[in-house]
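The values are calculated or read from the model by the stated rules, or taken from the named source; none is laboratory data. Every value quoted in this text rests on a predicted model; they were computed, and no experiment measured them. Neighbour counts are summed over all protein chains in view; Cβ atoms, including those assigned to glycine, are modelled from backbone coordinates with ideal geometry.
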Amino acid sequence: MKIRKLVDSFNYAIEGIIYAVRTQRNMRIHMAAALIVLTACFFYDLSKTELLILAITITMVLAAELINTAVESAIDATTNYYHPLAKIAKNTAAGAVLVTAINAAIVGYIIFWDRFTNISFGVITKIKQSNPYMLFLVLVIVCMTTIIVKAIYGEGTPLRGGMPSGHSALAFCIATTIALITEEPLSIMLSYLLAFIVAQSRVDSEIHSILEVIMGAIFGTLLTLFIFRIFS
């Protein structure tokens, strides 16, 4: 009986995590960011201390988001009218998530920035000397990969709807390509601004959700960097 209760407690905890991922947009964003950071650990030689700091930081962010979800659900279940204390409780819980997220950004910057820049300078030099046809190849690969991912998710069409946003992926692919082959800060800023406008237009037209657009942007950017890294 005790073992049964222990198993049930684990199941309830897992159900809570699944509920938060399924219903909370911010939780999905945090999970995606955590996966990206954990994947990056395979490409960089991190010490045990750095891995421990990353693990604690990621856990803090996810735990804070779970607590925020619990606070919001408890308040909604007990209060069916506006109350200033309910607002304070929700805002404070959301503030806790924000604090942990800012801390995570600072930790990521401290741990990865030097490693990223040391590797990136040599890669960018090779990219700028690459064949122009390679730029076209990158666009084709990103486009085809996006379509494959859409097919796996089984949502939307190749040009409309679904996860991830194809327009967002291609827009940020082009912006990242421009950022890699040019030294003009204004050109880089304008390219990412245009990519952001494309992504925003997909949300405004209600073709994609914010999560689908964000995942498209991340997908297009990381895949472009990966392709250039491999072929360079």
(request) May I ask you to say which residue of 36, 17, 29, 75 is surrounded by 14 or more Cβ atoms within 10 Å (Cβ to Cβ), under 16 Å from the mean Cα position of the chain (by Cα) and at pLDDT 80 or above? (result) 29
(message) Taking the conditions exactly as written (more than 18 Å from residue 113 (Cβ to Cβ) and touching a His at 6+ places or on another chain (Cβ under 6 Å)), does residue 61 satisfy them or not?
(response) yes
(message) Just the residues that are at pLDDT 60 or above, charged (D, E, K, R) and closer than 28 Å to residue 223 by Cβ, please, taken from region 89-140.
(response) 114, 115
